[in-house]
1. Would it be correct to say that Leu110 is within 22 Å of the chain's Cα centre (by Cα), surrounded by 15 or more Cβ atoms within 10 Å (Cβ to Cβ) and at pLDDT 95 or above?
2. Quick one: which of Arg182, Arg172 is of a type in the set (D, E, K, R), under 18 Å from Gly127 (Cβ atoms) and in contact (Cβ under 8 Å) with a residue 24 or more places away in the chain?
3. Quick test of your reading of the structure: Leu53 fulfils all but one of (1) modelled with pLDDT of 90 or more; (2) out of contact with any Pro (no Cβ under 7 Å at 6 or more places or on another chain); (3) assigned to a helix (DSSP H, G or I). Name the failing condition by number.
4. For the range 76-107: of the residues being farther than 23 Å from Asn204 by Cα and of a type in the set (Lys, Arg), which is surrounded by the most Cβ atoms within 10 Å (Cβ to Cβ)?
5. Going through Ala241, Ala197 one at a time, which residue ends up being more than 30 Å from Ile149 (Cα to Cα) and buried (at least 18 other Cβ atoms within 10 Å of the Cβ)?
6. From Thr62, Thr73, Thr44, grab the single residue that is among the hydroxyl-bearing types (Ser, Thr, Tyr), at pLDDT below 90 and in a helix (DSSP H, G or I).
Amino acid sequence: MQEIIQFGVMAGVFAVIGAAVYGLARLLRCKMFLPILPKPKQSTWYALLAVGLSLLMAILITIIAVRWKGPRTGEDIEVYELRHLIPQIIFLAIWVVPAVMVMVVRRESLETAGITSRNLWQSLIIGLLLALSAFYFQPGGFLGKIVNIRSHHAVAFAYYFFIAFGEEFLFRGFLQTRLVCRCGNVKGWLITAVIFAYGHLPYNMFINGASFFDAVLASTSLIPIGLLIGFVMLRTRNLVAPLVFHIFVNWVTVFK
């Protein structure tokens, strides 16, 4: 019951943030364009194949890591060091390389993955405001956290940048853009959020050591944040805003 209440509260907060993003995007006059994909249906199938390949490689590496180091390798790190960046660089390659290979072979532009100059400054403003909101919900607020910044916080920023860029490029920039072109805004947005959420199922099972049922619950709880970040992408059509937001949502947890 408590989990259901928390889920509902989180969904409500994200809905309010989403409404604010909608208003900001209109105020800043974000252009609602779609990138050119000559064969959207074909591109969507290739995108799903690339995402599936990335997830399969991530699962295999996760299983190998667990057998090598044992469970709970993903537990919170108190002080981030440069060596902690190595696994995230590997996972960044896993998320990015299959999608990039598809784009190169099919001659699809960077704009089809949300990397574009269109709505750039609007996306940056929205992303930074969302980043500040991430600090707002933490004890001490922005100033209370930022004055205590240390060198390991900078390493943590790089750590979460690799995570955020890989996931945002693959799911929001690459996959959601193609699903939206193929299925429309709403269906593409919803499908991407579900794939993003349950793509974390292996992580919750093998790294966090959760049972299948608990892993499903933990993954399901990611649907609201997936919907929010996907909505940010829908309203800006630029990867910058969801990327900045994703980085700071994770990074703010490092400040104790």
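The values are calculated or read from the model by the stated rules, or taken from the named source; none is laboratory data. Only a predicted model underlies this, so the values are computations on that prediction, with no experimental measurement involved. Methodologically, a virtual Cβ is constructed for each residue, glycine included, from the backbone with ideal geometry; neighbour enumeration extends over all protein chains shown.
1. Working: within 22 Å of the chain's Cα centre (by Cα): yes; surrounded by 15 or more Cβ atoms within 10 Å (Cβ to Cβ): no; at pLDDT 95 or above: yes.
Spelling it out, it is not the case that Leu110 is within 22 Å of the chain's Cα centre (by Cα), surrounded by 15 or more Cβ atoms within 10 Å (Cβ to Cβ) and at pLDDT 95 or above.
2. Values: Arg182 fails: under 18 Å from Gly127 (Cβ atoms).
Only one candidate qualifies: Arg172.
3. The one condition Leu53 does not meet is (2).
4. Result: Arg106.
5. Just one listed residue meets the conditions, Ala197.
6. Of the residues listed, the single one that is among the hydroxyl-bearing types (Ser, Thr, Tyr), at pLDDT below 90 and in a helix (DSSP H, G or I) is Thr62.
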